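Taking it in order: structure first as structure tokens, then the write-up.
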Amino acid sequence: MSLFSPLHHFAKKTIPSMSDTEQDVIQTGEVWFDKELFSGNPNFSILESLPINPLTDAEQDFLNGPVEELCNTVDEWEITVGTKDMPQSVWNFLKENKFFGILIAKEHGGLGFSHNAFSSIIKKLISRVPTVASTVLIPNSLGPAGLLTSYGTSEQRDYYLPRLATGDEIPCFAMTSPFAGCDLANIPDIGHVEYGEFKGKKILGIRVTWEKRYITLAPVATVLGLAFRTFKDGEEIGMTCALIPTNHPGVVIGRRHWPARQNFMNGPTSGTDIFIPMSMVIGGEEMVGKGWKMFVQQLYTGRALSIPSLATGAVQYVARNVGAYAKLREQFKHPIGNFEGVQMKLASIAAEAHILECARRTTMAVMDAGPVPAVISALMKYQTTERARQVVNDGMDILGGRGVFEGPRNILFPIYQMIPIIITVEGANILTRCFITFGHGLMRCHKFLLSEYESIRTGEFKKFDRVVLLHIIHVLVSGFRSCAQSFFPQKIKSPAYKKIIALMSARYAWLVEMALISYGGTLKKRERLSGNFADVLSEMFFMSVVLRFYDDTKEDNVILTQWIFKRSTYRIEQYMDDIIHHLGNPFLKWISRAVVFPRGKRYKLPSIDDDKRVSKLLMSTNITRDMLTNGIYINRDSNDKTGCLESGLEIVTRGEQIELKHLRKILDVDDFDATLFESL
């Protein structure tokens, strides 16, 4: 008999059932520092001990060589209004320099670079030629190469990987269906295991029917990665992933799509009753029906690696160029960057550039160390793209008319058009935020939920008693930590940063428990709550990675970090206040407000002076501006659309330094206050 028998019986009746597919998805991928943030008492040594390895000499040479050459020569405007495709010379350059085999191992003919190197390449490309960035991205992260490496037969790897690395094969990966979107469990694309004729012989294979759309590179692909539900003897046996040559009889590539007027190749594909041999299944016959892990791995990789790299590059590009524009563009006889409204937006842009680069480097280090972090990959995808959208919109506000008229010298509109695409792919952000980040994170990162679920499902009463008792202690300890630490509020300055994150984590752990008590198994349907929980987790993660790169010996780094922590703590308290407001039980609302905010909400947004200090980091040539935009393409040719801003800012910065030097001489002081000069 169980000590908590009534609770066990109640839970068994109320918890939602979980299919084998859902269990596979939950178990796929890894947890990392996200679990610490759920715990209420994060162990920062896990984050601090993560090695952030620099690029190798070969990787840096590739960035400085072929990538730089590509950025120097490709004309994005000509692609946009002229050919509406990359010139054949660019396709040839990509193939010759193995841009499609960046992550493929050297023994299979690829470059064998790290995830960090690939991310750095994508970041640099999007800062100059978005069409090329999108084209390079797909074969390396969302194409079949990764699946072949992990699951393919030796014959498949030996044949395809060298050909993929050199671009002799151009891959696409087809998952999205017209009426199911990214809901792979309900896609109408199906295959039946049966005998059929192939090359004059009767062999075992799969007869597949599919209709897919929004498939990047489909119009030019030579090999099609395909996801479909599989049936054998009338019974569904799971998902399967196949690799089908596009010249295989019956394969149809439809009319080219034009996503947001971007010019990378995209289109639909379909096939009806197409027989494929088992040799076309990735991994061969033994992997038939075992494709769920493969699909989810693809999604995790895309969410953690590809999309955040695009978003980070876009944000850094805006930071560098819009910051320069704000200094050079005058209105009412003053640079527009001197106005508080513009400074507020510039400060946010600078902060996001720092946050996203810290998060990108951290996530790449985790991936290069081995595991793909499932929850953090979802968090990274939706947060980086949402922040990129806001940054680009802020940049467009600052540019005004300069940003909305298309032309070869418009510095922002191509990226503005790209933003809706990177937000939509890999699952729209509403889904990623409300369901995946918190819903998946709750099951994987919570200390006890998964163990409780398993003990209920298997009827292990002793295990259930032990886990529930530990769970109750966890709730009480989290509440105590939250309440106690709130009476010793930390100011936003070092060395209190860890204590601030720990306080937010303790509050978070408490509120998660109150939401579970309030809604139980239906919590995942409460999208406003789950979205707020996802946003709190994101802010805590971003504060943590910024702290990982904190350097209190550099004044500008201190200013940036303080600004970021002020805004994040303010946001977290607003999210938590909304969570408490939407708890279903009045008593839980009352006790949660007492535990989480015993002294009320304490944190404020950055001040006007804070905005001014941070915004000025982008409006002169300085080390911090270079740090915030490190790794993007920089052109200093005054005839170039961004080079003219770069050279103009250098001239203005030198002029101000000369004026300041002369003023100091006139006043005969060495410690002349530069703020006086700014006000003249």
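The values are calculated or read from the model by the stated rules, or taken from the named source; none is laboratory data. Computed from a predicted model, the values in this text were never measured in an experiment. Every residue, glycine among them, receives a Cβ derived from its backbone with ideal geometry; neighbour counts consider all protein chains shown. Surface areas here come from the heavy atoms of the whole protein model, side chains and all, with no ligands, DNA or RNA. Shrake-Rupley method; radii C 1.70, N 1.55, O 1.52, S 1.80 Å.
Within region 547-563, the set of residues being in contact with a Phe, Trp or Tyr (Cβ under 8 Å, 6 or more places away or on another chain) and either more than 21 Å from residue 620 (Cα to Cα) or among the charged types (D, E, K, R) (or both) comprises 547, 550. If only residues of region 232-253 that are assigned to a strand (DSSP E or B) and out of contact with any helix residue (DSSP H, G or I) (no Cβ under 7 Å at 6 or more places or on another chain) are counted, the one that is most open to solvent (accessible area, probe 1.4 Å) is 235. Pairing each residue of region 408-434 that is at pLDDT 90 or above with any residue that is open to solvent by 40 Å² or more (accessible area, probe 1.4 Å) and β-branched (Val, Ile, Thr), provided the two are 6+ apart or on different chains, yields C-beta distances under 8 Å for 413/404. Checked against (1) free of Cβ contacts under 8 Å to residues at least 60 places away in the same chain; (2) in a helix (DSSP H, G or I), residue 179 passes all but condition (2).
Mind telling me which of the residues 163, 256, 261, 213 ends up being open to solvent by 30 Å² or more (accessible area, probe 1.4 Å) and either over 28 Å from the mean Cα position of the chain (by Cα) or β-branched (Val, Ile, Thr) (or both)?
Details: 256 fails: either over 28 Å from the mean Cα position of the chain (by Cα) or β-branched (Val, Ile, Thr) (or both); 261 fails: either over 28 Å from the mean Cα position of the chain (by Cα) or β-branched (Val, Ile, Thr) (or both); 213 fails: either over 28 Å from the mean Cα position of the chain (by Cα) or β-branched (Val, Ile, Thr) (or both).
Going through 163, 256, 261, 213 in turn, the sole match is 163.
Going by the conditions given, is residue 537 out of contact with any His (no Cβ under 9 Å at 6 or more places or on another chain), surrounded by 20 or more Cβ atoms within 10 Å (Cβ to Cβ) and not charged (D, E, K, R)?
Values: out of contact with any His (no Cβ under 9 Å at 6 or more places or on another chain): yes; surrounded by 20 or more Cβ atoms within 10 Å (Cβ to Cβ): yes; not charged (D, E, K, R): yes.
When the stated conditions are applied, residue 537 passes them.
Of everything in region 127-160 that is more than 21 Å from residue 295 (Cβ to Cβ), of a type in the set (D, E, K, R) and in a helix (DSSP H, G or I), the residue that is most open to solvent (accessible area, probe 1.4 Å) is 155. Considering the conditions (1) of a type in the set (A, V, I, L, M); (2) farther than 23 Å from residue 288 by Cβ; (3) touching a Cys at 6+ places or on another chain (Cβ under 6 Å), residue 252 is excluded by exactly one of them, (3). Pull up region 598-656, narrow it to residues that are among the β-branched types (Val, Ile, Thr) and not in a helix (DSSP H, G or I), then point me to the one that is surrounded by the fewest Cβ atoms within 10 Å (Cβ to Cβ). If we take residues in region 598-656 being among the β-branched types (Val, Ile, Thr) and not in a helix (DSSP H, G or I), then 621 is surrounded by the fewest Cβ atoms within 10 Å (Cβ to Cβ).
Just to be sure, is residue 579 aliphatic (A, V, I, L, M) and closer than 18 Å to residue 437 by Cα? Before you say what the answer is, go through the steps one by one.
On the way: aliphatic (A, V, I, L, M): yes; closer than 18 Å to residue 437 by Cα: yes.
For residue 579, the condition - aliphatic (A, V, I, L, M) and closer than 18 Å to residue 437 by Cα - is met.
All conditions in (1) in contact with a Pro (Cβ under 8 Å, 6 or more places away or on another chain); (2) farther than 21 Å from residue 365 by Cα hold for residue 119, with the sole exception of (2).
If we keep just the residues of region 166-192 that are of a type in the set (Ser, Thr, Tyr) and out of contact with any helix residue (DSSP H, G or I) (no Cβ under 7 Å at 6 or more places or on another chain), which is surrounded by the fewest Cβ atoms within 10 Å (Cβ to Cβ)? Spell out the reasoning first.
Step one: list which residues in region 166-192 are of a type in the set (Ser, Thr, Tyr), which gives 166, 176-177.
In the following step, the residues that additionally are out of contact with any helix residue (DSSP H, G or I) (no Cβ under 7 Å at 6 or more places or on another chain) were identified as 176-177.
On the way: 176: 18, 177: 21.
This residue is 176.
Looking at this structure, is residue 229 basic (Lys, Arg), open to solvent by 70 Å² or more (accessible area, probe 1.4 Å) and either under 24 Å from residue 420 (Cβ atoms) or modelled with pLDDT under 95 (or both)?
Details: basic (Lys, Arg): yes; open to solvent by 70 Å² or more (accessible area, probe 1.4 Å): no; either under 24 Å from residue 420 (Cβ atoms) or modelled with pLDDT under 95 (or both): yes.
For residue 229, the condition - basic (Lys, Arg), open to solvent by 70 Å² or more (accessible area, probe 1.4 Å) and either under 24 Å from residue 420 (Cβ atoms) or modelled with pLDDT under 95 (or both) - is not met.
Residues that are assigned to a strand (DSSP E or B), of a type in the set (S, T, N, Q) and out of contact with any helix residue (DSSP H, G or I) (no Cβ under 6 Å at 6 or more places or on another chain): does region 314-334 have at least one? For region 314-334, residues assigned to a strand (DSSP E or B), of a type in the set (S, T, N, Q) and out of contact with any helix residue (DSSP H, G or I) (no Cβ under 6 Å at 6 or more places or on another chain): present.
Against the numbered list (1) farther than 30 Å from residue 366 by Cα; (2) in a helix (DSSP H, G or I); (3) small (Gly, Ala, Ser); (4) in contact (Cβ under 8 Å) with a residue 40 or more places away in the chain, residue 341 comes up short only at (4). Kindly check whether there is at least one residue in region 389-402 that is of a type in the set (Asp, Glu), modelled with pLDDT of 90 or more and outside any strand (DSSP E or B). Yes, there is a match, as at least one residue in region 389-402 is of a type in the set (Asp, Glu), modelled with pLDDT of 90 or more and outside any strand (DSSP E or B).
Taken across region 300-323, residues that are over 30 Å from residue 437 (Cα atoms) and in contact with a Gly (Cβ under 6 Å, 6 or more places away or on another chain) do occur, with at least one present. Take the conditions open to solvent by 20 Å² or more (accessible area, probe 1.4 Å) and assigned to a helix (DSSP H, G or I) and apply them to residue 297. Does it pass? Yes: the conditions hold for residue 297.
Screening residue 358 with (1) at pLDDT 95 or above; (2) open to solvent by 10 Å² or more (accessible area, probe 1.4 Å); (3) under 30 Å from residue 442 (Cβ atoms) gives one miss only, at (2).
The set of residues in region 263-294 being over 18 Å from residue 176 (Cβ atoms) and assigned to a loop (DSSP other than H, G, I, E, B) consists of 263, 282, 283, 284, 288, 289. What are the pairs, 6+ residues apart or on separate chains, where a residue within region 258-274 that is charged (D, E, K, R) has its Cβ under 6 Å from a residue that is surrounded by fewer than 22 Cβ atoms within 10 Å (Cβ to Cβ) and not in a strand (DSSP E or B)? Taking only residues 6 or more apart or on different chains, the pairs are 261/417. Number of residues in region 403-426 that are part of a helix (DSSP H, G or I), touching a Phe, Trp or Tyr at 6+ places or on another chain (Cβ under 9 Å) and farther than 26 Å from residue 180 by Cα: the value is 5.
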